[in-house]
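Below: one structure, written as structure tokens.
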Amino acid sequence: MSNPLITLERVTRIYRTSEKVFLPGLGDLFDRARDLNHARDTLSAKKLLGAYRDLKENLEDKKQALHKMGNMADRAKFLKELIYTEDEFAVTALLNVSLVINQGEFTSIAGPSGSGKSTLLNIIATLEEPSFGSVQFLDQDLTHLKEDERAEFRLRNLGFVFQAYNLIPVLSAFENIEYALILKGIPSNVRRKRTEEVLKYVGLEDCTHRRPNKLSGGQQQRVAIARALAVEPKLILADEITANLDSKTAISILTLMEQINKEKGTTFIFSSHDPLVLSRARRVIYLRDGEILKEELKTEEVLSK
């Protein structure tokens, strides 16, 4: 029987900003027309400027239609293909995403840049709040927590592994791990024992006193994994963790994470477009333009090939 850890229902995330941005292709049209005019090719320049004005008028019509929409779901769907060119624009990073992550999963969120992978990971991590929809972790509703409640939730339940490792440069490997336990209020004798245990578990018992600049990229990532593991999280979120690693090191890191998943039952969610990560994940959720395109659930037979 499946035990849901995270449940997302119709989650949408809309970003708004005051930057001035062109609809893709609009700025290129204008620049090309200006260049042609400078080259005295006035006929071609006028044609391009005509196309530029048509696109701008089309945008104005879309903006007027948007303002008449009262339903938030309709607005989100509309905004999916619209970028304002004036003082404000909006981009829908996620649109009506519903999914369940069960305890013990080893899952990757996949998709090209701009597909919504990082936004989805951030919402699960309570680093961002959905524009609408709901997020539940076990029996706790995460949707509208206050900032201090979010911080407490992350401290008690989550571990993070980042592409850039995010180790504190002035602390040793041991101290980087221990610091996470200090934040959690773990007594000193328990901190030391647990830190030694996780360093040994990730194969770095001989690097205890080295600072990050004395460690290889793979070793730094192992320290980051040990730090995440030390707080005994229910879920570890890993964002593009193989991006800065060679293939041999990446394989060893993923093997270590599989071992943690199987031996300790820790749930892993990756955000990645690395084929190596996707080949090792037991479930892959593919995103495109902020929506779930498809899912792939692998059997042990497929994974062993």
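Every number in this text was worked out from the coordinates using simple rules, so none of it is lab data. Given the structure is predicted, the values throughout are model-derived calculations rather than measurements. FYI the Cβ positions are ideal-geometry reconstructions off the backbone, even for glycines, and counts take in every protein chain you see.
Note down the net charge around Ser115, summing +1 for each Lys or Arg and -1 for each Asp or Glu among other residues with Cβ under 11 Å from its Cβ.
Working: positive: Lys117, Arg288; negative: Asp289, Glu291.
In short, 0.
Which peptide among 109-121, 222-234, 198-210 comes first, and what is the full order, when sorted by highest mean count of other Cβ atoms within 10 Å?
Numbers: 109-121: 20.4, 222-234: 23.5, 198-210: 16.8.
So the peptides 109-121, 222-234, 198-210, ranked by packing, come out 222-234, 109-121, 198-210.
Taking N as the number of residues in the range 93-181, what value does Rg over Cα atoms divided by 2.2 N^0.38 Å take?
1.24
Measure up Lys184/Lys294; Lys262/Lys294; Lys117/Lys146; Lys184/Lys248; Lys214/Lys298 against 30 Å on the Cα-Cα distance and list the ones that go over.
Lys184/Lys294; Lys184/Lys248; Lys214/Lys298
Starting from the Cα of Glu197, step 7 Å along the direction of its Cβ; do the same at Asp148; then give the gap between the two resulting points in nm.
According to this spin-label approximation, the distance is 3.2 nm.
Summing Lys, Arg as +1 and Asp, Glu as -1, what charge do residues with Cβ under 14 Å from the Cβ of Val202 carry, Val202 excluded? Before the final figure, lay out each step's value.
Values: positive: Arg194, Lys200, Arg210, Arg222, Arg227, Lys264; negative: Glu196, Glu197, Glu205, Asp206, Glu258, Glu263.
With Lys, Arg at +1 and Asp, Glu at -1, the net is 0.
For Cα pairs less than 8 Å apart in space and 6+ apart in sequence, what is the mean separation divided by the residue count of the range 186-248, i.e. the relative contact order in percent?
Values: 25 pairs, mean separation 22.0, N = 63.
It rounds to 35 percent for the range 186-248.
Return the distance in nm (one decimal) between the two label points of a simple spin-label model at Glu175 and Gln103, each offset 7 Å from Cα along Cα→Cβ.
3.7
Calculate the FRET efficiency for Lys248 and Asn166 from the Cβ-Cβ distance with a Förster distance of 22 Å, rounded to the nearest 0.05. Could the numbers behind the result be given before it?
Working: r = 23 Å, r/R0 = 1.04.
The formula returns an efficiency of 0.45 here.
Order 214-221, 143-150 from most to least packed using the mean count of other Cβ atoms within 10 Å. Intermediate values should be presented prior to the final figure.
Values: 214-221: 18.1, 143-150: 12.0.
Going from most to least packed, we get 214-221, 143-150.
So what J values fall out for the range 126-135 if you push phi through Karplus, 6.51 cos²θ - 1.76 cosθ + 1.60 with θ = phi - 60°, rounded to Hz, Gly and Pro as x?
Whole-Hz 3J(HN,Hα) from phi for the range 126-135: 6, 7, 9, 10, x, 5, 7, x, 9, 10.
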